[in-house]
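Presented below is the structure to which this report refers.
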Amino acid sequence: SLGKPEHLLNVLVTATASVDAGARFFTSREAAGRIVATVEDAPADRLERLGHVAEVWTLGRGRVDLVERLARLKARGVARLLVEGGGELNWSFFERDFVDGLYVTVAPSILGGRDAPTLCEGAGFAMAAGELSGDVIDDLALWPDEKAGPGGDSRVVVFRGPLTRGRV
């Protein structure tokens with residue numbers, strides 16, 4: 001169990017509240033609870049719809065207030081948090097120095113192009129001032145990735161803090 005409860009609290013962060021209330025996130029039996037963290041100015045009809053399938057927190061205007069969200073989670077007894085987000089959410093944690101570890105999955109798929117998503121969007125890091133660095137503590141063994149086809153394996157590299165970086 002690695003010191004974790006059998007079922008974890010699932011939290012979805014969305015400024016638009018445009019997620020489908022029938023999505024697997026809301027129907028999976030594996031969660032200890034579900035929270036949608038969104039903004040005060042999200043459309044009322046969306047907030048009402050999501051309120052039927054999850055606890056809804058409205059935190060901030062335009063952008064979810066992560067400090068308040070973390071304070072509320074701490075009050076609920078959450079001591080460790082795994083963030084699985086897109087580039088904007090990931091960046092919001094990095095820019096506030098809230099990251100103390102990073103798990104990166106390298107899959108045998110190529111996603112490219114000028115508009116391809118990246119690990120961190122937003123202002124980004126100033127590489128000349130110092131790259132993101134930390135100790136690579138584990139390079140987990142390859143395991144077959146059924147979606148990748150023959151010869152396609154995924155790899156997870158784990159970094160543990162302190163994670164340091166320069167600012168743009």
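The values are calculated or read from the model by the stated rules, or taken from the named source; none is laboratory data. If you're wondering where the values come from, they're calculated on a predicted model, not measured in any experiment. A quick note on method: Cβ atoms are made from the backbone with ideal geometry, for glycine too, and the neighbour counts reach across all protein chains shown. Ligands, DNA and RNA are excluded from the accessible area calculation, which covers all protein heavy atoms including side chains. Shrake-Rupley method; radii C 1.70, N 1.55, O 1.52, S 1.80 Å.
Summary of values
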read-out	value
The range 57-85, residues that are basic (Lys, Arg) and open to solvent by 70 Å² or more (accessible area, probe 1.4 Å)	Arg61, Arg63, Arg72, Lys74, Arg76, Arg80
Close pairs from the range 87-98: first within 15 Å of Arg69 (Cα to Cα) and touching a residue at least 60 places away in the same chain (Cβ under 8 Å), partner of a type in the set (A, V, I, L, M) and surrounded by 19 or more Cβ atoms within 10 Å (Cβ to Cβ), Cβ under 7 Å, at least 6 apart	Leu89/Val13
Filter result (open to solvent by 50 Å² or more (accessible area, probe 1.4 Å), without any contact (Cβ under 8 Å) to a residue 12 or more places away in the chain and hydrophobic (A, V, I, L, M, F, W, C)) within the range 1-56	Leu2, Ala44
Residues satisfying the stated conditions in the range 66-80, i.e. assigned to a loop (DSSP other than H, G, I, E, B), touching a strand residue (DSSP E or B) at 6+ places or on another chain (Cβ under 8 Å) and among the aliphatic types (A, V, I, L, M)	Val78
Among residues of the range 86-106, those that are under 20 Å from Glu121 (Cβ atoms), in contact with a strand residue (DSSP E or B) (Cβ under 7 Å, 6 or more places away or on another chain) and either part of a loop (DSSP other than H, G, I, E, B) or open to solvent by 30 Å² or more (accessible area, probe 1.4 Å) (or both), counted	6
